[in-house]
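Participant: Can you read through this structure? Questions will come right after.
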Amino acid sequence: MSDISIHCLGASQEVGRSAFLLKTDKCLLLDYGIKIFGKDGKAEYPLTIPEKLDAALISHAHMDHVGFVPYLYNSSNVRWYATPPTIDLAELLWKDSMKIMGAELPYSFAQYKKALNMWNPIHYGQPFAMGETQVLASDAGHISGSAILELTYKKKKIVYSGDYKMEETRMHAGAKPVEDADAVIVDCTYALKEHPDRKTAERLLMDEIEETISEGGTALLPAFSLGRTQELISLVRAYNDEIPVFVDGMGKAITDIYIKHGKYMKDVNTFRKNVKDVTMVRSPFDKKRATSEPAVIITSAGMVEGGPVLGYLMNVNSDSKVMFTGYTVEGTNGWKLINEGYVTINGQDLEVDLPVSKHDLSAHAGRSDVLNFIKHANPSKVIIVHTDSGKEFERELKEDFGYDAVAPKVGDKIEL
């Protein structure tokens, strides 16, 4: 019987609902998320945890990694560990989920409150022990407070990457590779896809924004509230400090949390200045002003499934353009707008007669980042997670690179 095992409760041969049970001398849950857009557009949750937990370790605050944590507090008193930005962001996102999903959400307000009380802080570079298992977190370069987790037990090092990015972005310096691991559980969302050069992608977006505004239109940027909204504020202001910029949706509150935890970003002083230099939409008057002059509007939701973006979409003038910078799940309004030119509002299909463009500003590791991460770690075992193309990448890692790699299915258990 192996001393160490990993049980995959989600995010295996799929993206979303990350949840992995690591058994050392302790039973540790690595992430506990939900898949917001599962089959039939319904949320999907991880498999049931088959045994008593000693602790949960959460890599970051995106809902597919932290969204199911309150469910632990149905009967458990287990403590969960994450960085300080993660708890503040999670509190906001859980509250929003309860508002949107209501009775569909399988946890209660009491469980949400209990979850807030059961949090323990993790700090980058400060190791701590769970029994004989050492835990060390480092900056994952993905969003504020995101962490790569290294777990060492009986001289064996298991690395859980969570979502990470090694390339520098406007907000983050990028993750440092982890050296000499025995096993890596690695985010392979884009293992088969290279992201374009970041500066080139930024310039293309800015050219499009400036052109739209010079023609009297609105540059409408549907954006994820967490991470992408802050990146876009920084990006636009790095290239142009004169264009009016309006920010709407939950990204406003998340921006406040980013500033509160300023040491978790590359340059809080510049970011603070950029935020002062944009209009946070607080009133109907601000909303009206946003569409009454040529401007940039950065607003949730990134997949156009709700939030203020739908209102703006119907109110911008005909010289405007919609610019996507993030992933859209098939079947969502964002996907329909990009691929089929319409959105569905209150059951009605509405054609959108505006040009739409797509730009790759991903906060995930691209193909060379993923290969570099694995190469530096030089592990005996690569566990491929958080991807729809796991089997293909498994075959490539085995045949072309000589790694012992596996792309497990949900429910699989791996002995190390």
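Participant: Suppose we filter region 291-309 for residues that are in contact with a helix residue (DSSP H, G or I) (Cβ under 8 Å, 6 or more places away or on another chain) and within 27 Å of HIS62 (Cβ to Cβ); how many remain?
Facilitator: Just the residues of region 291-309 that are in contact with a helix residue (DSSP H, G or I) (Cβ under 8 Å, 6 or more places away or on another chain), to begin with: 291, 294-306, 308.
Next, only the ones that are within 27 Å of HIS62 (Cβ to Cβ) stay: 296-306, 308.
The qualifying residues number 12.
Participant: Against the definition (in contact with an Asp or Glu (Cβ under 6 Å, 6 or more places away or on another chain) and outside the structural domain of GLY249 (by TED's automatic domain parsing)), how does HIS65 come out, yes or no?
Facilitator: On the way: in contact with an Asp or Glu (Cβ under 6 Å, 6 or more places away or on another chain): yes; outside the structural domain of GLY249 (by TED's automatic domain parsing): yes.
In short, yes.
Yes/no per residue for (1) touching a helix residue (DSSP H, G or I) at 6+ places or on another chain (Cβ under 7 Å); (2) touching a residue at least 40 places away in the same chain (Cβ under 8 Å); (3) outside any strand (DSSP E or B):
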site	(1), (2), (3)
GLY125	no, no, yes
GLN134	no, no, no
ALA137	no, yes, no
HIS142	no, yes, yes
GLY145	yes, yes, yes
MET171	yes, yes, yes
PRO177	yes, yes, yes
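Participant: Another one. Residues in region 54-68: is at least one charged (D, E, K, R), in a loop (DSSP other than H, G, I, E, B), modelled with pLDDT of 95 or more and under 25 Å from THR152 (Cα atoms)? Steps first, please.
Facilitator: Step one: of region 54-68, the residues charged (D, E, K, R) are 54, 64.
Narrowing further to those that are in a loop (DSSP other than H, G, I, E, B): 54.
Checking the rest, the ones that are also modelled with pLDDT of 95 or more come to 54.
So of that shortlist, the ones also under 25 Å from THR152 (Cα atoms) come out as 54.
The answer is yes, given that some residue of region 54-68 is charged (D, E, K, R), in a loop (DSSP other than H, G, I, E, B), modelled with pLDDT of 95 or more and under 25 Å from THR152 (Cα atoms).
Participant: Identify, please: which residue in region 38-51 is buried (at least 19 other Cβ atoms within 10 Å of the Cβ) and hydrophobic (A, V, I, L, M, F, W, C) and is, among those, nearest to ALA19 (Cα to Cα)?
Facilitator: ILE49
Participant: Do you know which residues across region 87-108 are farther than 28 Å from HIS123 by Cα and either in a helix (DSSP H, G or I) or not assigned by TED's automatic domain parsing to the domain that holds ASP64 (or both)?
Facilitator: Answer for region 87-108, where residues must be farther than 28 Å from HIS123 by Cα and either in a helix (DSSP H, G or I) or not assigned by TED's automatic domain parsing to the domain that holds ASP64 (or both): MET98, LYS99, ILE100, MET101, GLY102, ALA103, GLU104.
Participant: OK, next. Take LYS35 and tell me if it is buried (at least 22 other Cβ atoms within 10 Å of the Cβ) and closer than 29 Å to ALA103 by Cβ.
Facilitator: On the way: buried (at least 22 other Cβ atoms within 10 Å of the Cβ): yes; closer than 29 Å to ALA103 by Cβ: yes.
When the stated conditions are applied, LYS35 passes them.
Participant: When you look at SER225, is it under 25 Å from MET314 (Cβ atoms), outside the structural domain of ALA61 (by TED's automatic domain parsing) and surrounded by fewer than 15 Cβ atoms within 10 Å (Cβ to Cβ), yes or no? Steps first, answer last, please.
Facilitator: Working: under 25 Å from MET314 (Cβ atoms): yes; outside the structural domain of ALA61 (by TED's automatic domain parsing): yes; surrounded by fewer than 15 Cβ atoms within 10 Å (Cβ to Cβ): no.
Against the criterion (under 25 Å from MET314 (Cβ atoms), outside the structural domain of ALA61 (by TED's automatic domain parsing) and surrounded by fewer than 15 Cβ atoms within 10 Å (Cβ to Cβ)), SER225 does not qualify.
Participant: Shifting gears a bit: Which residues, taken from region 98-144, are surrounded by 15 or more Cβ atoms within 10 Å (Cβ to Cβ) and of a type in the set (Asp, Glu)?
Facilitator: Matches in region 98-144: ASP139 only.
Participant: Go through region 376-395 and give me each residue that's surrounded by fewer than 18 Cβ atoms within 10 Å (Cβ to Cβ) and without any contact (Cβ under 8 Å) to a residue 60 or more places away in the chain.
Facilitator: ARG395
Participant: Does at least one position in region 181-188 carry a residue that is assigned to a loop (DSSP other than H, G, I, E, B), crowded, with 21+ Cβ neighbours inside 10 Å and either assigned by TED's automatic domain parsing to the domain that holds ILE254 or modelled with pLDDT of 95 or more (or both)?
Facilitator: Scanning region 181-188, I find at least one residue that is assigned to a loop (DSSP other than H, G, I, E, B), crowded, with 21+ Cβ neighbours inside 10 Å and either assigned by TED's automatic domain parsing to the domain that holds ILE254 or modelled with pLDDT of 95 or more (or both), so the answer is yes.
Participant: Moving on. Can you confirm whether ASP54 is farther than 19 Å from MET118 by Cβ and surrounded by fewer than 22 Cβ atoms within 10 Å (Cβ to Cβ)?
Facilitator: So ASP54 does not fit the description; no.
The values are calculated or read from the model by the stated rules, or taken from the named source; none is laboratory data. Bear in mind that the values here come from a model prediction, so they are computed numbers and not experimental data. Cβ coordinates were reconstructed from backbone atoms using ideal geometry, including for glycine residues, and neighbour counts include every protein chain displayed.
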